[in-house]
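J.: My questions all concern the structure below.
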Amino acid sequence: MEAQTGAIEKKRELRKKAMQLPLSPGVYIMHDKTGEIIYIGKAKALKNRVSQYFGSDKNHQEKVRRMVSNVDWFEYIVTDSEFEALVLESSLIKQNQPKYNILLKDDKGYSYIRVSGGSWPRITEVKKIEEDGAKYIGPYLSSWSIKQTIDSARKIFRLPSCNKKFPQEFGRGRPCLNYYIKQCCAPCRGRMSEDEYNEAFQQALDFIRGGGSTSVKALTARMEEAAENLDFELAARLRDRISAINKLKERQKVVASKVEEQDVFALAQGETHTAFQVFRFTGGKLSDRESFLTEGCQPDPEARSEFLRQYYSIRDRIPPHIALDGETEDQELLERWLSEKRGRAVHITVPQRGEQRQLVQMCHTNAAESIAQHTGTAGRDASALDELRRLLGLEKAPAYIESYDISNLQGGENVAGMVVFENGRPLKSAYRKFKIKTVSGQDDYGSMREVIRRRFEEYKAHQEAGDGAGFGRLPDLILLDGGKGHVGAVQPLLNEMGIQVPLFGMVKDDKHRTRAIALSGGEIAITSTRRAFTLVSSIQDEVHRFAIGYHRQQRKKSAISSTLTSIQGVGQARAKALLKHFKTVAAVSEADLAELENAPGMTRPAARRVYEYFHGIPEGEGEALPEMGEKQAEMEEIAGQNRDKLV
């Protein structure tokens, strides 16, 4: 308690100091108790920007809240313009590497292609040259492009990528999968001569040195020569290699750009981390690709701006065109800063259609894949959750989603279903069913309020008990099967209970298909975001299926129970006891009088009436009671009604 009071007092003290700052552009520097710099930022107006940190926490991202909780004091530097503040901020971040800024590790060294010596040589990618008797090709700046080139050469010319030593390991074990999918010639079988291997190896080196076009010309000439000499086996091998190179070219066209030189950036945010992806194009071809995973989440425009500043602080080459997957803060300032660093104009764009839009989307897919690898989820699911985050303006990707639907028939058997999706997939162990207790008749809004109230009363009870599982876990997002009316009915309840969870509705069209996301003031179209649309549609279909399934189950129980309550002397309690004891109505109908008399809650007269209802003849008597035919007809009529209800 004392620590909490001290933190509040410290925050008030810092806010008071921030309110005394000038309304001038500049850079602010946050320190912790040890004096270490933990964050550096720039501001157009220092007073307004810095004071925001020490106000209410409600509008802050989790990363900002953690940073603010560690601030002990701050200092600032006034500049003449916001542009000077941006330049100074970038320089200070590079010097001090504050833990709460986006920090990029500059691991961009030179790469080489190593060609081993001796017999049965190999091609590998390495970071440095060693005195080991091997030949080295390079240096190359992009390790990614070198790895891609070596991998392509191995597959085209079917060279081994394993660590087996030849000829020492000839005939030891079966060939690996690459041999069976025709990506390795499998010299390990011992059926390939060293001359044949060296021929393929030399062609692979020519491909790496000269590129695909040069290799195709040389291979075509050799293929024609082999065909003239009637060496059709060699000609066929060369033909297959030419075909493999041409197929590789076709695949490369997918990531080609009409813009000769440009960089493409995209980000994807998960629950705790942000992934950035960079595609670098030179000569219209993808020449390099880089991935960065940083801790924490922040609004996309802020994240893009900070990332761009850090990225071009550690990279020398700045292209004339930069394409982003969304808006960025300080775009004009960034363009000016990059133009001055490059010495020529630099333009930042957010493509909306065409080839450039496709490249940005591909870049975003790869960023989402980085998040997926970090969280252990599928790339498609991570991409869908990030699309949904952007669409709804959420602080982080909604890893844990709860969805609710009400089901009834003209106000009867009023029930609700709750489904949970974790990391984009159904979590069926967390599904829950609700019988509506306080609302009678067809009142979906009232029923939804009751369900949400009961759910979060359980959450508070679990919190008091220190249980964070099941209802003790707070969802990242709530989706109601309904429109803005449902959201408007439930949102005040969440506010009243102090539950700060994003709440939206799922709107259907006249064909019962998902059409939009509803909020209290309107709707958000989702058909343009394919993966988010698919995810929301799946959630809406699943919660509807689950709720209506529970409703039908309750109707079936009610119908079965009504068969017993139609018997004189058998009320709801006695019917329930009979069903609990005998399990089914059929078992009740087949029981003898003694079994019925011994059933819980039964009396001799009641047991006799139940037996007479189903059998018509009291046990021990040889002729039917006068009402036997009437009872039999009544029983058949009720059974028929029950079958109709079940259908």
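Readers should treat all values here as calculations from the given coordinates under stated rules, not as data from a laboratory. Computed from a prediction, not measured in an experiment: that's the story for all the values here. We place every Cβ from the backbone using ideal geometry, glycine too, and count neighbours over all the protein chains shown.
J.: Any idea what the dipole of the chain comes to, in debye rounded to 20, about its Cα centre with Lys/Arg Cβ at +1 and Asp/Glu Cβ at -1?
T.: Details: 97 positive and 90 negative charges, 234 e Å.
Roughly 1120 debye for the chain.
J.: At a 10 angstrom cut-off on C-beta neighbours, averaged per residue, how do the peptides 57-66, 385-394 rank from highest to lowest? Could you put the intermediate results ahead of the total?
T.: Values: 57-66: 14.5, 385-394: 22.1.
The densest-packed peptide leads the list: 385-394, 57-66.
J.: Turning to a different aspect of this structure: Amide H neighbours of R473 under 5 Å, at least 5 residues apart or on other chains, H built in the peptide plane: list them.
T.: none
J.: On a straight-distance basis, which lysines could pair with K511 in a cross-link, Cα separation under 19 angstrom, same-chain partners fewer than 8 positions away excluded?
T.: In chain and number order, the partners are K484.
J.: Put a dot 7 Å past each Cα toward the Cβ at S56 and I181; how far apart are the dots in nm?
T.: 5.5
J.: For the pair K165 and L409, how long in nm is the line joining their label points, each one 7 Å along Cα→Cβ?
T.: Distance between label points: 7.8 nm.
J.: Summing -39500 (n - 2.57) over the DSSP H runs of n ≥ 4 in the chain and dividing by its residue number, what mean residue ellipticity at 222 nm do you reach, to the nearest 500 deg cm²/dmol? Mind dumping the intermediate values first?
T.: On the way: 20 runs with 310 residues, N = 647.
So the calculated ellipticity at 222 nm is -16000 deg cm²/dmol.
J.: Sort the range 475-595 into rounded, prolate or oblate with this rule: let a ≥ b ≥ c be the square roots of the eigenvalues of the Cα gyration tensor; rounded if a/c is under 1.5, and if a/c is not under 1.5, prolate when a/b is larger than b/c, oblate otherwise. Mind dumping the intermediate values first?
T.: On the way: a/c = 3.79, a/b = 2.56, b/c = 1.48.
Here the range 475-595 falls in the prolate category.
J.: Just need the relative contact order of the range 2-96 here, percent rounded to a whole number, with Cα pairs under 8 Å and 6+ apart.
T.: Values: 137 pairs, mean separation 33.2, N = 95.
Value for the range 2-96: 35 percent.
J.: Then there's this: Using label points projected 7 Å from each Cα along Cα→Cβ, tell me how many nm separate I314 and A573, to one decimal.
T.: According to this spin-label approximation, the distance is 7.4 nm.
J.: What order do you get for H374, H512 when you list them from fewest to most C-beta neighbours inside 10 Å?
T.: Numbers: H374 15, H512 10.
With the fewest neighbours first, H374, H512 line up as H512, H374.
J.: How high is the relative contact order of the chain, given as a whole-number percent (alpha carbon pairs under 8 Å, six or more residues apart)? Before the final figure, lay out the partial values.
T.: Details: 1040 pairs, mean separation 43.5, N = 647.
In percent, rounded to a whole number, it is 7.
J.: May I pose another question? Taking a label point 7 Å from the Cα of S429 along the Cα→Cβ vector, which residues of the range 444-486 have an amide N closer than 17 Å to it?
T.: 467-474
J.: Also: How do 333-342, 360-369, 458-467 rank on mean C-beta neighbours within 10 Å, highest first? Don't skip to the answer; put the middle values down first.
T.: On the way: 333-342: 17.2, 360-369: 21.6, 458-467: 12.9.
With the highest mean Cβ count within 10 Å placed first, the list reads 360-369, 333-342, 458-467.
J.: Expressed as a rounded percentage, what relative contact order does the range 111-253 have, with Cα pairs under 8 Å and six or more residues apart?
T.: Values: 164 pairs, mean separation 25.9, N = 143.
Contact order relative to length: 18 percent.
J.: Using 1/(1 + (r/R0)^6) with R0 = 35 angstrom and r between the beta carbons of E329 and D541, what's the FRET efficiency to the nearest 0.05? Intermediate results must be reported in sequence, preceding the final value.
T.: On the way: r = 38 Å, r/R0 = 1.09.
E between E329 and D541, to the nearest 0.05, is 0.35.
J.: Using modelled backbone amide H atoms (1.01 Å from N, in-plane), which distant-in-sequence or interchain residues come within less than 5 Å of E271's amide H?
T.: Close amide H contacts, sequence-distant or interchain: A397.
J.: Working from Cα positions, state the angle (0 to 90°, nearest 10) between the long axis of helix 232-253 and the longest principal axis of the chain.
T.: The answer is roughly 70 degrees.
J.: What lysines could a cross-link reach from K16, if we take a straight Cα to Cα line under 24 Å and drop same-chain neighbours fewer than 8 places away?
T.: Here the lysines satisfying the reach criterion relative to K16 are K33, K42, K44, K47, K58, K63.
J.: Quick one: angle between helix 354-375 and the longest Cα principal axis of the chain, in degrees between 0 and 90, rounded to 10, please.
T.: The angle comes out near 70 degrees.
J.: Treating only the Cβ atoms of Lys and Arg (+1) and Asp and Glu (-1) as charged, compute the dipole magnitude of the range 111-253 about its Cα centre; round to the nearest 20 debye. Write down the numbers at each step before the final one.
T.: Details: 26 positive and 18 negative charges, 154 e Å.
The calculation lands at about 740 debye.
J.: Can you tell me the orientation of helix 379-392 relative to the chain, as the angle in degrees between its alpha-carbon axis and the longest Cα principal axis, to the nearest 10?
T.: Around 80 degrees separate the two axes.
J.: Could I ask something else about it? Calculated from the structure, Cα Rg over 2.2 N^0.38 Å equals which of (i) 1.39; (ii) 1.09; (iii) 1.28?
T.: Matching the structure shown: (i).
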